[in-house]
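Each remark here refers to the structure printed beneath this line.
The values are calculated or read from the model by the stated rules, or taken from the named source; none is laboratory data. Being a predicted model, the structure only gives us computed values, none of them experimental. Cβ coordinates were reconstructed from backbone atoms using ideal geometry, including for glycine residues, and neighbour counts include every protein chain displayed.
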Amino acid sequence: MPRSPAPVRWRPGRDRVIPKPHAFASGEGVFALDGGTTMTATDAAAHAARRLQSDLRAATGFTLPTVRPPQPAGIALGIDERMPREGFRLEVAPGGVRITGGGDAGLFYGGQAFRQLLGPGAFRRAPLPRREWAAAASVIEDEPRFGWRGFMLDVARSFRPKHEVLRLIDLLALHRLNVLHLHLTDDQGWRMEISRSPRLTEVGAWRPESQLGHGPQSTVDGRPHGGFYTQDDLREIVAYAAERMITVVPEIETPGHVRAALAAYPELGVTGGPYEVWTRYGITDDVLNAEASTIAFFRHVFDEVMEVFPSTYIGVGGDEARKTQWAADARTQELMRERGIETPNELQAWFIRQLDDHLTAAGRRLYGWDEVLEGPLAPGATIASWRGLRGARVAVARGHDVVLCPDDFAYLDYRQSDAAEEPIPVGTVLSLRDVYDFEPLPGDADEAPRRHVLGVQANAWTEHLDTAARLDYAVFPRLAAFAEVAWSVPGKEWDDFAARLPAQLAIYDAIGVAYRPLTGPHPWQQRPGVPGAPREKADRQAELAALTADLLE
Ligand code: ACM
């Protein structure tokens, strides 16, 4: 008879939680979770209790039945409305666990922290045999620093099947992020079913091949790519995210990055086409024309978007729209004269304003890349400042809310080191430490940025992240550093973060995340022979200074 293995027990850590809690105090002993553990929740906390029960049941196999007070329970959940909505207090003692949240979100985050204390096995989807479960006695008091803790996923360049998006939502929730910005359309693909304009996905969701690598040595892979989400798929994504306290902010690109839409409906373009869904990456000259019918077309698209996505914020893109076709086109010039518009920049601003008015009238708020600041905007318009922080400064000075996602902090497709082994290296070096060290609001920041900076957002552009494994490599563990910038109080310490990181990597291992090892890529994570286009920081900064010169102060 082979000897059965000894029970496996996670050594409960004292302070292994990422993002770093606001306050953490160690106690004596451990709370042991077992088949006899029960739960109790006040009515207001019942929803969060069911979520925690379901997550812990999957990992441990324990049913964790709910009992009614005054019966004693191992885990008790309740709401304290005096606490911030997303804040929580997690008390773990040998005799029981109490999670108190300011609201559903706080309770959910308290539950996530409790799972972290139980160890990586608490993130598995089925129980392993002969496990013992214990969490270190401790008290965590926590609340987020920023209200917008976002992650943008580009599903236009690389369509990610729905189940991958759902998995990503679970991972965002683990990092206490609360916004998933879905970049649904671009030159290379249109990913949202629009009932009124079915060709957007019939034609626009497919391309015959894709660019392989970047820069002058790039080639094409000769392999078709495509896919789209039905409106019901998206409703499911929205509901799954909401259950995990994440709002999905949809984005439909205008007036540039629209080749997929033009391939479907060439009458929306300036040149008349023919257009094809783009197989290359970069910026094309193709933009929407300024006809009233084109504005009406996109207003209808946004009507369907608003039906599916309850988010207050709706993305309209606005970035990198070249003005060459407008400047050269007689019909566009005529339309500009009729409307008293003098320059192509003003035309871009006019275009964005048409959509802004429509969204605002529907009670929503426009969310746009910082190029939308080239013209006037409705007061509710909110800016994603990506070309450095100049967009943020201009937005705040003009009284707009802003989300910080400067590329040298937030672009998770950028190369993680300057080693030759980095797969398809693009952008400037953005190491784990670079992400960690970003300070969104220095201590001496004025009152206006304090009021208008809603938070931060990490962006994953997927030109070169064409599989789930490539995406994992780019995002993790940099998202752990990002989460700490978004959630934790200022005054972070790298050594302290680095000491907590192995526990997070163990959770990634339990979930099955193909993250980048701290020492560099595994051989199978490299892409030898596929060229990249690495940039130097000084060169990129000079480019950004020139690009942001047009913002309207
Ligand atoms: C962007 O990176 N074009 C927003």
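Answer yes or no: is there a residue in the range 260-270 that is within 30 Å of ARG331 (Cα to Cα) and within 16 Å of the ligand (Cβ to nearest atom). The answer is yes, given that some residue of the range 260-270 is within 30 Å of ARG331 (Cα to Cα) and within 16 Å of the ligand (Cβ to nearest atom).
Selection of the range 142-192 for residues being charged (D, E, K, R), more than 20 Å from ARG478 (Cα to Cα) and assigned to a strand (DSSP E or B) yields ASP142, ASP186. Among the residues of the range 361-389, those identified as among the charged types (D, E, K, R), more than 11 Å from the ligand (Cβ to nearest atom) and at pLDDT 95 or above are ARG364, ARG365. Exactly one residue out of ALA397, ALA419 is touching a residue at least 60 places away in the same chain (Cβ under 8 Å), away from the ligand (no atom under 13 Å from the Cβ), surrounded by fewer than 19 Cβ atoms within 10 Å (Cβ to Cβ) and under 16 Å from THR519 (Cα atoms): that is ALA419. The number of residues in the range 366-382 being touching a Phe, Trp or Tyr at 6+ places or on another chain (Cβ under 8 Å) and surrounded by fewer than 18 Cβ atoms within 10 Å (Cβ to Cβ) comes to 0. Only a single criterion out of (1) farther than 20 Å from GLY147 by Cα; (2) of a type in the set (Phe, Trp, Tyr); (3) in contact with a Pro (Cβ under 7 Å, 6 or more places away or on another chain) is not satisfied by TRP386, namely (1). Kindly indicate the residue of the range 255-274 that is without any contact (Cβ under 8 Å) to a residue 60 or more places away in the chain and in contact with a strand residue (DSSP E or B) (Cβ under 6 Å, 6 or more places away or on another chain) and also nearest to ASP187 (Cα to Cα) among those meeting that condition. Filtering first and then ranking leaves LEU262. Applying the criterion of at least 3 residues that are under 16 Å from the mean Cα position of the chain (by Cα) to the helices (runs of 4 or more DSSP H) found wholly in the range 437-493 leaves 468-475, 478-487.
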